[in-house]
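This report concerns only the one structure given below.
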Amino acid sequence: MRKRIAYPSLTGIALALLLSSSCQNTSTNGSGDPPTKDSIGQNKVNEDSLLTNIQQQTFQYFWEGAEPTSGLARERIHMDGVYPENDRNVVTIGGSGFGLMGMIVAMERGFITADQGTQKLNHIMDYLSKIERFRGAWAHWYDGELGTAKPFSEKDNGGDIVETAFLAQGLITVREYLKDKSDAAKVVAQKADKLWKEIDWNHYTNGQNVLYWHWSPKFNFQQNHPIKGYDECLITYVLAASSPSHPIAPSVYHEGWARSGGIKSNAKKYDIPLVLKHNAKEGEVGPLFWEHYSYLGLSPKGLKDQYADYWEATRNHVKINLAYAQQNPKGYKGYGVDKGWGWTASYSIKGYDAHHPDNDPGVISPTAALSSMPYSPHESIQFAQYLNRQLGAKVWGKYGYYDAYSETANWFPQRYLAIDQGPIIVMIENYRTGKIWDLFMQAPEIQQGLKKLGFTSPYLK
């Protein structure tokens, strides 16, 4: 049985009280005078406490809340125990990749011990090696107890190369973190390395200059979903080009993902350049998870190729969200750059939806702003303070902030999704220390793959 660690569980109200003094603007000391050295230091302490508490509580989703047979992340956790689709023990491959990186954060920050983390990671690697794979790729979902692939849709019952990429991003990061540690850790690093090198990325081109999202032994490539930019899938191409065993040619990236240059955009929204053409209607932007999933390990800081400056592209997407929050054209309650903001795919008032400024029923997803912290630290931290101060236990529970809420509709469901919780832990850490970026970007294969595709980055040696 897995050991469980008891952590003090801060309710939203308790956390709000703890952080009440941190809600002061750091530009003054509360009296209107310029901040003193002591007041700046106190604000830093309060910020650190806030971010550590968010990371620690959110990590519990992937530790205490993990599916026990696999050790992987459950696709969803509903605190009322009601699962209309009978999917309580369904695990997510992409969300589990995010959880692997969250495990590193937890080990670094002492939420769990190195031995506990290593044992859990070893269990996960063994499980991943035994379940059914599809030319080295994993399916989107599995029944955690049985280890069998669960179809995402009728013809999506095989390999999902994008979800596999999110997992592989975590595998490489785990390898880099553990490879020089204890003997037991080195064994786990070797297992992670083997798993990622077994992925046959080239198979998923179907002989074309583009990657296809799905392949099934029964339906082959009938799902017919070529992966073209721009959305959350950049990491898929970077990993496919970086593979030492089954790599794609650079032409697959340039003609497929980059659309032979068609990925570039001169469009603006709220007078802010998009930089890249989003896979959305003309003049619209996508949900904010497009700036999170690929960039948990792949650092956009200084990352450039012939199509974009990715730091500009990611930050501008966030700025567009902030501009929308400031304008609040529909007059929704609790919106503003110093209040509620951030739109992404999450639970919604009517099921599940990919929210963005042009598709907003008044629902805010905490992961959108919190996982954007490297791009908008001040506004992201203000958002967390607003939630703690104004909404408290309505939005904060056992595994951190709940997935989504609406002040306008007085809608506060106590539900979580792995793909939304994971980026919160990792992107906060990338803001605080850059740890996950440093680990992933130092991997020799990633260094070579980025150069192969024509990228430049301050991380490249």
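All conditions in (1) closer than 27 Å to Gln55 by Cα; (2) in a helix (DSSP H, G or I) hold for Ile112, with the sole exception of (2).
Between Lys197, Lys130, Lys179, the distinction of being in contact with a Lys or Arg (Cβ under 9 Å, 6 or more places away or on another chain) and at pLDDT 95 or above belongs to Lys179 only. In the set (1) modelled with pLDDT under 95; (2) open to solvent by 60 Å² or more (accessible area, probe 1.4 Å); (3) closer than 30 Å to Asp143 by Cβ, the condition left unmet by Ile5 is number (2). Annotation note: Cβ proximity below 8 Å between a residue of the stretch 181-202 that is farther than 12 Å from Ala168 by Cβ and a residue that is open to solvent by 10 Å² or more (accessible area, probe 1.4 Å) and of a type in the set (A, V, I, L, M) (sequence gap 6+ or interchain) occurs for Lys181/Ala114; Ser182/Ala114; Ala185/Ala114.
What about Leu387, is it in contact (Cβ under 8 Å) with a residue 60 or more places away in the chain, farther than 24 Å from Gly170 by Cβ, part of a helix (DSSP H, G or I) and open to solvent by less than 20 Å² (accessible area, probe 1.4 Å)? So Leu387 passes the test. Taken over the stretch 288-347, the criterion of being under 22 Å from Ile227 (Cα atoms), touching a residue at least 40 places away in the same chain (Cβ under 8 Å) and open to solvent by 50 Å² or more (accessible area, probe 1.4 Å) is satisfied by Lys304, Gln306. Answer yes if at least one residue in the stretch 315-324 is in a strand (DSSP E or B) and not charged (D, E, K, R), and no otherwise. The answer is no, given that none of the residues of the stretch 315-324 is in a strand (DSSP E or B) and not charged (D, E, K, R). With respect to the conditions (1) farther than 16 Å from Glu64 by Cα; (2) within 20 Å of the chain's Cα centre (by Cα), Ala114 lacks only one, and its number is (2). Is there a residue being open to solvent by 10 Å² or more (accessible area, probe 1.4 Å) and either in contact (Cβ under 8 Å) with a residue 24 or more places away in the chain or in contact with a helix residue (DSSP H, G or I) (Cβ under 8 Å, 6 or more places away or on another chain) (or both) anywhere in the stretch 420-428? For the stretch 420-428, residues open to solvent by 10 Å² or more (accessible area, probe 1.4 Å) and either in contact (Cβ under 8 Å) with a residue 24 or more places away in the chain or in contact with a helix residue (DSSP H, G or I) (Cβ under 8 Å, 6 or more places away or on another chain) (or both): absent. Would the stretch 81-104 turn up any residue that is in contact with a strand residue (DSSP E or B) (Cβ under 8 Å, 6 or more places away or on another chain), touching a residue at least 24 places away in the same chain (Cβ under 8 Å) and open to solvent by 30 Å² or more (accessible area, probe 1.4 Å)? Yes.
Scanning the stretch 133-158 for residues that are among the small types (Gly, Ala, Ser), farther than 21 Å from Trp290 by Cα and at pLDDT 95 or above yields Gly136, Ala137, Gly144, Gly147, Ala149, Gly158. Scanning the stretch 352-368 for residues being touching a residue at least 60 places away in the same chain (Cβ under 8 Å) and either basic (Lys, Arg) or part of a helix (DSSP H, G or I) (or both) gives a total of 2. Annotation note: of Glu145, Glu67, Glu132, the sole residue that is out of contact with any strand residue (DSSP E or B) (no Cβ under 7 Å at 6 or more places or on another chain) and either among the charged types (D, E, K, R) or assigned to a loop (DSSP other than H, G, I, E, B) (or both) is Glu145.
The values are calculated or read from the model by the stated rules, or taken from the named source; none is laboratory data. Remember, it's a predicted structure, so these values are computed and weren't measured experimentally. Cβ sites come from the backbone with ideal geometry, for glycine too, and all protein chains shown count toward neighbours. With ligands, DNA and RNA removed, areas are computed over all heavy atoms of the protein, side chains included. Shrake-Rupley method; radii C 1.70, N 1.55, O 1.52, S 1.80 Å.
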